[in-house]
Amino acid sequence: MNRSARFLATSLLVVCCCANSANAKPMLSTIVASTRGTAQAIAVGDLNHDGRPDIVTANRSSNDVSILLQGSDGRPRDAQKIVAGLMPFDVAIADLDGDGHRDLVTANAGPGANSVSLLMGHGDGTFSAPVYVPVGTEPRSVAVGDLNGDGRPDIVTANYTSNNITVLTRTAGGSYTPFNYATVTNGNPQVVALAQMDDDGRLDIVVGFASSDVGSVLVLYNPNFSTRVFVNAGGYLYDFAIADMNQDGRNDLVIAGQSNRIVLGTGNRTFAPATGIAMPGARLVAADFDADGKLDLAAPDAVGFGNGDGSIGAVR
């Protein structure tokens, strides 16, 4: 799953983390890079074909995105700003038109904006002027992936105020048309991701809600997204990650919110009971930080080392 992270900052702290065992304290090296704006979200991808990951931030207060290309020394270069849309709340990187260059999609949540911006990449770290496509009211999250198996990337937004999601399918001619405006629930959807959550080989839609009254993650299964399964988030939700935490080849949910927890997927559209995580953090990222073949979790101030069975052991 490729999804951006959300936060609020005017600079980035790039952290390289490594540890040779769960008993060792992670070794950190840090680089501070200015975004030249108030960043709400971040995405990472190679924007100029040099084989190095670059950084994009969505800057909601300045209505633009910042592009930080990585230099040969591994450090981000000075940020270049590009007009995106009114209050871009999220950003995704994908090759939308199949030309081999990575493009940008922003979710524009400003008053009356209610759109996504498409910024087509030139392959050198520069982008065309934005093209706006209407979606629901106050989109706060955007995800890109092929939902209908036609080989073309589709776009999904979580619309906070209109309590729905928008699915935009890409046509053969390159335009985007609304496939479905799906009402999910009156719970203020604020996070959306695309991932295979069952064993049918198709991408599904996963939505997280801000409202403590809902306190859940909703999985809408392909095809047609008519089968819906709610997963208890244990209260209000900040964010979630999708990863195979128990090495069974199936995606699981890592929930960050009032109650941080791991919920294992079974592959048959059901989920096991949640397991609590004894580490704080409004954002949790899954990766193998100690190179032992098991996924770990990183929070802003801690790393929890995975046991490979869906549980977290030592926290450093």
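Consider region 86-105. How many of its residues are closer than 17 Å to S141 by Cα and open to solvent by 10 Å² or more (accessible area, probe 1.4 Å)? Show your work before the answer.
We begin by selecting, within region 86-105, every residue closer than 17 Å to S141 by Cα; these are 86-94, 103-105.
Retained after the next criterion (residues that are open to solvent by 10 Å² or more (accessible area, probe 1.4 Å)): 86-87, 89, 92-94.
Within region 86-105, residues that are closer than 17 Å to S141 by Cα and open to solvent by 10 Å² or more (accessible area, probe 1.4 Å) number 6.
Of all the residues that make up region 205-241, how many are more than 26 Å from A287 (Cβ to Cβ), open to solvent by less than 60 Å² (accessible area, probe 1.4 Å) and of a type in the set (S, T, N, Q)?
The total comes to 3.
S34 versus (1) modelled with pLDDT under 90; (2) open to solvent by 40 Å² or more (accessible area, probe 1.4 Å); (3) under 30 Å from A314 (Cβ atoms): which is the lone unmet condition?
Against the list (1) modelled with pLDDT under 90; (2) open to solvent by 40 Å² or more (accessible area, probe 1.4 Å); (3) under 30 Å from A314 (Cβ atoms), S34 comes up short only on (3).
Could you check how many residues of region 292-311 are out of contact with any strand residue (DSSP E or B) (no Cβ under 7 Å at 6 or more places or on another chain) and part of a strand (DSSP E or B)?
Initially, region 292-311 is screened for residues out of contact with any strand residue (DSSP E or B) (no Cβ under 7 Å at 6 or more places or on another chain), giving 292-293, 299-301, 308-309.
From the residues that got through so far, the ones that are part of a strand (DSSP E or B) too are 299.
Summing the residues that are out of contact with any strand residue (DSSP E or B) (no Cβ under 7 Å at 6 or more places or on another chain) and part of a strand (DSSP E or B) in region 292-311 gives 1.
Just to be sure I understand the filter: pairs with C-beta atoms under 6 Å, separated by 6 or more residues or on different chains, first member in region 234-252 and of a type in the set (K, R), second member crowded, with 17+ Cβ neighbours inside 10 Å. Which pairs pass?
As it stands, the answer is R250/G265, since those pairs meet every condition given.
Of (1) modelled with pLDDT of 90 or more; (2) within 23 Å of L203 (Cα to Cα); (3) out of contact with any Gly (no Cβ under 6 Å at 6 or more places or on another chain); (4) part of a loop (DSSP other than H, G, I, E, B), V254 satisfies all except one. Which?
Among (1) modelled with pLDDT of 90 or more; (2) within 23 Å of L203 (Cα to Cα); (3) out of contact with any Gly (no Cβ under 6 Å at 6 or more places or on another chain); (4) part of a loop (DSSP other than H, G, I, E, B), V254 violates only (4).
Would you mind stating whether V133 is at pLDDT 95 or above, open to solvent by 10 Å² or more (accessible area, probe 1.4 Å) and among the aliphatic types (A, V, I, L, M)? I'd like the intermediate steps shown before the answer.
Details: at pLDDT 95 or above: yes; open to solvent by 10 Å² or more (accessible area, probe 1.4 Å): yes; among the aliphatic types (A, V, I, L, M): yes.
It is true that V133 is at pLDDT 95 or above, open to solvent by 10 Å² or more (accessible area, probe 1.4 Å) and among the aliphatic types (A, V, I, L, M).
Output yes when any residue across region 305-315 is at pLDDT below 90, open to solvent by less than 20 Å² (accessible area, probe 1.4 Å) and of a type in the set (A, V, I, L, M, F, W, C), and no when none is.
Among the residues of region 305-315, not one is at pLDDT below 90, open to solvent by less than 20 Å² (accessible area, probe 1.4 Å) and of a type in the set (A, V, I, L, M, F, W, C), which makes the answer no.
Within region 191-214, does at least one residue satisfy the condition of being β-branched (V, I, T), closer than 25 Å to Q40 by Cα and modelled with pLDDT under 90?
Our first condition is that a residue be β-branched (V, I, T); within region 191-214, this holds for 191-192, 205-207, 214.
Next, only the ones that are closer than 25 Å to Q40 by Cα stay: 191-192, 205-207, 214.
The next check asks that each one be modelled with pLDDT under 90; those that pass are 214.
Yes, that holds for at least one residue.
Restricting region 270-286 to residues that are at pLDDT below 90 and small (G, A, S), which is most open to solvent (accessible area, probe 1.4 Å)?
A278
Report yes if some residue within region 257-269 is outside any strand (DSSP E or B), touching a residue at least 40 places away in the same chain (Cβ under 8 Å), of a type in the set (V, I, T) and surrounded by fewer than 18 Cβ atoms within 10 Å (Cβ to Cβ); otherwise report no. Walk me through how you get there before you give the answer.
Of all residues in region 257-269, those outside any strand (DSSP E or B) come to 258-260, 264, 266-269.
Add one more test, that the residue is touching a residue at least 40 places away in the same chain (Cβ under 8 Å), and what stays is 258, 264, 267-269.
Still in the running and of a type in the set (V, I, T): none.
Checked region 257-269: no residue is outside any strand (DSSP E or B), touching a residue at least 40 places away in the same chain (Cβ under 8 Å), of a type in the set (V, I, T) and surrounded by fewer than 18 Cβ atoms within 10 Å (Cβ to Cβ).
From the list N63, N2, N108, which residue is surrounded by 15 or more Cβ atoms within 10 Å (Cβ to Cβ) and either at pLDDT below 95 or in contact with a helix residue (DSSP H, G or I) (Cβ under 6 Å, 6 or more places away or on another chain) (or both)? So that I can check it myself, show each step before the final result.
Numbers: N63 fails: either at pLDDT below 95 or in contact with a helix residue (DSSP H, G or I) (Cβ under 6 Å, 6 or more places away or on another chain) (or both); N108 fails: either at pLDDT below 95 or in contact with a helix residue (DSSP H, G or I) (Cβ under 6 Å, 6 or more places away or on another chain) (or both).
None of the other options fit; the residue is N2.
Out of region 244-256, which residues are crowded, with 19+ Cβ neighbours inside 10 Å and within 17 Å of K294 (Cα to Cα)?
Pass one, region 244-256, residues crowded, with 19+ Cβ neighbours inside 10 Å: 245-246, 251-256.
M245, N246, N251, D252, L253, V254, listed by residue number.
Condition check: in a strand (DSSP E or B), out of contact with any Leu (no Cβ under 8 Å at 6 or more places or on another chain), in contact (Cβ under 8 Å) with a residue 60 or more places away in the chain and surrounded by 18 or more Cβ atoms within 10 Å (Cβ to Cβ). Does F289 satisfy that?
On the way: in a strand (DSSP E or B): no; out of contact with any Leu (no Cβ under 8 Å at 6 or more places or on another chain): yes; in contact (Cβ under 8 Å) with a residue 60 or more places away in the chain: yes; surrounded by 18 or more Cβ atoms within 10 Å (Cβ to Cβ): yes.
Here the answer is no, as F289 does not meet what is asked.
The values are calculated or read from the model by the stated rules, or taken from the named source; none is laboratory data. Owing to the predicted nature of the structure, the values given are computational and were not obtained by experimental measurement. Note that each Cβ is placed from the backbone with ideal geometry, even for glycine, and that neighbours are counted across all protein chains shown. For the accessible areas, the whole protein counts, side chains as well, though only heavy atoms, and no ligand, DNA or RNA atoms are used. Shrake-Rupley method; radii C 1.70, N 1.55, O 1.52, S 1.80 Å.
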